[in-house]
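Visitor: Can you read through this structure? Questions will come right after.
The values are calculated or read from the model by the stated rules, or taken from the named source; none is laboratory data. Everything numeric here is computed off the predicted structure, so don't read it as measured data. Reconstructed Cβ throughout: ideal geometry from the backbone, glycine too, with neighbour counts over all protein chains shown.
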Amino acid sequence: LDIAAVKERNPQAVGVILGGHGITAWGDTSEECERNALWMIRTAETFLEERGKAEPFGAVLPGREALDREARLERAAALAPVIRGLASEDRPQVGHFTDAAPVLDFLARAEHPRLAALGTSCPDHFLRTKVSPLVLDLPADAPLEEAVARLGVLHEEYREAYRSYYERHAAPDSPAMRGADPAIVLVPGVGMFSFGKDKQTARVAGEFYLNAINVMRGAEAVSTYAPIEESEKFRIEYWELEEAKLRRMPRPKALATRVALVTGAGSGIGRAIAHRLVGEGACVVVADLNTETAAAVAEELGGPDKAVAVTVDVTSEEQIAEAFKAAALAFGGVDLVVNNAGISLSKPLLETSARDWDLQHDIMARGSFLVSREAARMMRAQRLGGDIVYITSKNAVFAGPNNIAYSATKADQAHQVRLLAAELGEHGIRVNGVNPDGVVRGSGIFAAGWGAQRAATYGIEEEKLGEFYAQRTILKREVLPEHVANAVFALTGGDLTHTTGLHIPVDAGVAAAFLR
């Protein structure tokens with residue numbers, strides 16, 4: 001109504017700028033509104049270019065300059081799980097990282113501590129970025145251990161300041177305080193970490209703070225930046241309409257805020273697991289030896305806000321480490337790892353070469369050990385607990401013919417579950433396994449020759465192998481990839497919080513593989 005009155009009193013005007021909010025333009029058509037809004041923006045832009053100071057954020061601070069790209073991403077990946085753990089102290093969060101040039105320039109300049117402490121200038125920015133960001137006040141190349149220790153101290157100071165802010169402004173009937181952890185963490189020389197209830201929310205929070213930096217630059221170029229007054233901040237955060245929206249929000253999905261990494265996720269069982277986890281709210285890192293299939297599955301799952309693809313040979317420590325770095329940069333860390341990658345060769349003992357034996361053990365036994373070790377490092381850095389799930393096999397306990405290398409490898413994986421459950425429990429990391437029978441349909445392993453070999457062993461046609469497996473079970477049902485995915489969700493979805501070291505059979509009932 002106030003804007004309508006302005007328009008009535010000023011017939012020559014095409015719009016109005018509201019301090020702390022932005023532009024409202026008008027016209028007889030939507031196209032004219034757009035033209036007028038863009039004219040106002042470009043006029044302001046020209047004014048700032050012509051009148052503004054060259055360095056509105058001041059001189060470069062020694063030691064705060066941007067690290068080179070490779071070192072920047074290396075440091076970001078190392079810090080991300082630590083920062084995510086701190087940002088999730090009150091409630092779990094998904095992370096987003098950006099090293100956009102405006103962010104790096106802002107953090108390299110002398111005025112960034114003063115300006116960052118002031119907070120944002122717009123309610124929309126404020127609601128997504130909170131009172132102010134947490135800023136790591138160390139040189140970019142400070143030792144990692146020093147940076148981690150300093151982050152812990154700054155986080156406690158931030159939480160205390162937030163509680164104080166709340167106590168100064170809370171009314172007796174105010175709702176419970178929002179989480180006291182930061183939504184934005186700024187690391188000079190490295191970039192910005194932002195957090196939210198899902199990847200999209202985290203990404204948008206970062207985009208809003210990037211906009212806030214641009215507002216600060218324009219204001220400081222010609223005048224002085226003025227944020228929202230502190231007396232207004234609490235009122236905005238606990239605005240009645242915002243409270244109503246929060247009360248109406250649907251219950252989050254079971255795996256909301258969780259980040260999963262699934263190996264062998266480009267096809268078959270791994271693909272089905274990735275689909276189930278995303279369907280339950282998780283973000284997923286699709287790890288596969290085949291770059292193209294991994295990328296295709298990530299696209300199926302919804303793209304970068306839901307899933308990212310990484311190329312991983314699980315026999316390579318370097319590639320596994322890179323996959324976890326990618327997870328840290330994409331989502332802030334990893335909470336759930338599924339060791340699913342595998343191959344199989346079906347041969348009698350005398351036809352099984354040492355190379356056959358080594359290949360299967362390298363990929364499945366050694367590979368799952370390497371993946372679990374990297375997962376444990378990241379989960380311990382986050383201090384949020386976690387889940388590691390092994391897709392083993394009923395062959396881990398069932399002795400069948402012509403299968404020495406594969407079955408021995410699966411038995412190795414099965415005992416890794418028990419060993420790691422015993423070791424990692426003190427860190428809140430649960431380790432469990434799933435023992436499927438032969439999953440024929442949709443399986444990359446069966447399609448690559450294992451199906452033909454097993455069919456020959458049993459003296460049946462390959463296309464009847466799934467039916468053959470079903471008929472030898474108690475339930476007479478064929479096991480499909482989605483049945484294995486269901487078991488992974490059962491282990492990680494929140495109902496079995498006190499279960500570790502367990503193997504769940506998904507074999508339609510094979511009495512010889514019953515666990516004892």
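Visitor: Among residues belonging to the range 189-233 that are over 27 Å from the mean Cα position of the chain (by Cα) and not in a helix (DSSP H, G or I), point out the one that is farthest from D335 (Cα to Cα).
Guide: S223
Visitor: If a residue must be surrounded by fewer than 23 Cβ atoms within 10 Å (Cβ to Cβ), at negative phi and not in a helix (DSSP H, G or I), how many such residues does the range 274-300 contain?
Guide: Qualifying residue count for the region: 3.
Visitor: Read through the list (1) of a type in the set (A, V, I, L, M, F, W, C); (2) part of a loop (DSSP other than H, G, I, E, B); (3) surrounded by fewer than 24 Cβ atoms within 10 Å (Cβ to Cβ), then give the number of the only condition that L424 fails.
Guide: (2)
Visitor: Could you tell me whether the range 403-421 includes any residue that is more than 30 Å from G386 (Cβ to Cβ), of a type outside the set (V, I, T) and at pLDDT 90 or above?
Guide: yes
Visitor: Out of (1) β-branched (V, I, T); (2) touching a Ser or Thr at 6+ places or on another chain (Cβ under 9 Å); (3) part of a helix (DSSP H, G or I), the odd one out for V153 is which?
Guide: Against the list (1) β-branched (V, I, T); (2) touching a Ser or Thr at 6+ places or on another chain (Cβ under 9 Å); (3) part of a helix (DSSP H, G or I), V153 comes up short only on (2).
Yes/no matrix, rows are residues, columns are (1) in contact with a strand residue (DSSP E or B) (Cβ under 9 Å, 6 or more places away or on another chain); (2) modelled with pLDDT under 95:
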| position | (1), (2) |
| --- | --- |
| I17 | yes, yes |
| H21 | no, yes |
| E34 | yes, no |
| F57 | yes, no |
| P62 | no, yes |
| D99 | yes, no |
| A110 | yes, no |
| L118 | no, yes |
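Visitor: Do you know which residues across the range 497-516 are at negative phi, touching a strand residue (DSSP E or B) at 6+ places or on another chain (Cβ under 8 Å) and surrounded by 15 or more Cβ atoms within 10 Å (Cβ to Cβ)?
Guide: T500, L502, H503, I504, P505, V506, D507, A513 - these are the residues of the range 497-516 that are at negative phi, touching a strand residue (DSSP E or B) at 6+ places or on another chain (Cβ under 8 Å) and surrounded by 15 or more Cβ atoms within 10 Å (Cβ to Cβ).
Visitor: Let me ask something else. Return the residues of the range 365-423 that are more than 13 Å from H503 (Cα to Cα) and of a type in the set (S, T, Y); say none if nothing qualifies.
Guide: Selection gives S368, S372, Y406, S407, T409.
Visitor: Do you know which of the residues in the range 330-343 that are more than 8 Å from the chain's Cα centre (by Cα) and at pLDDT 95 or above is nearest to F193 (Cα to Cα)?
Guide: Among those that are more than 8 Å from the chain's Cα centre (by Cα) and at pLDDT 95 or above, it is D335.
Visitor: Can I ask one more? Do we find that A71 is assigned to a loop (DSSP other than H, G, I, E, B), surrounded by 13 or more Cβ atoms within 10 Å (Cβ to Cβ), more than 17 Å from the chain's Cα centre (by Cα) and not aromatic (F, W, Y) in this structure?
Guide: No: the conditions fail for A71.
Visitor: What's the number of the only condition in (1) of a type in the set (D, E); (2) touching a residue at least 60 places away in the same chain (Cβ under 8 Å); (3) part of a helix (DSSP H, G or I); (4) farther than 30 Å from V16 by Cβ that D124 fails to meet?
Guide: Just one mismatch for D124, condition (4).
Visitor: Without any contact (Cβ under 8 Å) to a residue 24 or more places away in the chain and hydroxyl-bearing (S, T, Y): is that true of S164 in this structure?
Guide: In short, yes.
So that you can scan it fast, the table gives a plain yes or no per residue for (1) at pLDDT 95 or above; (2) assigned to a loop (DSSP other than H, G, I, E, B); (3) under 21 Å from the mean Cα position of the chain (by Cα):
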site: P304; (1), (2), (3): yes, yes, yes
site: A323; (1), (2), (3): yes, no, yes
site: L345; (1), (2), (3): no, yes, no
site: L350; (1), (2), (3): yes, no, no
site: H361; (1), (2), (3): yes, no, no
site: R366; (1), (2), (3): yes, no, no
site: M379; (1), (2), (3): yes, no, yes
site: P401; (1), (2), (3): no, yes, no
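Visitor: If you check every pair at least six apart or on different chains, which have Cβ atoms under 8 Å apart with a residue in the range 39-64 that is more than 30 Å from W26 (Cβ to Cβ) first and a residue that is β-branched (V, I, T) second?
Guide: Filtered contacts from the range 39-64: K53/V222.
Visitor: If you check every pair at least six apart or on different chains, which have Cβ atoms under 8 Å apart with a residue in the range 460-481 that is not assigned by TED's automatic domain parsing to the domain that holds V506 first and a residue that is loosely packed, with under 13 Cβ neighbours inside 10 Å and hydrophobic (A, V, I, L, M, F, W, C) second?
Guide: Between residues of the range 460-481 that are not assigned by TED's automatic domain parsing to the domain that holds V506 and residues that are loosely packed, with under 13 Cβ neighbours inside 10 Å and hydrophobic (A, V, I, L, M, F, W, C), the close pairs are I474/A511.
Visitor: Which of the residues belonging to the range 8-38 are in a helix (DSSP H, G or I), of a type in the set (G, A, S) and touching a residue at least 12 places away in the same chain (Cβ under 8 Å)?
Guide: Once the filter is applied, which keeps residues that are in a helix (DSSP H, G or I), of a type in the set (G, A, S) and touching a residue at least 12 places away in the same chain (Cβ under 8 Å), the range 8-38 yields only A37.
Visitor: Additional query: Please go through the range 444-473 and give me each residue that is among the small types (G, A, S) and either at pLDDT 85 or above or more than 27 Å from the chain's Cα centre (by Cα) (or both), ordered by number.
Guide: Residues satisfying the conditions are A447, A448, G449, G451, A452, A455, A456, G459, G466, A470.
Visitor: Report, by residue number, each residue of the range 83-102 that is buried (at least 21 other Cβ atoms within 10 Å of the Cβ) and more than 22 Å from R163 (Cα to Cα).
Guide: V94, G95, H96, F97
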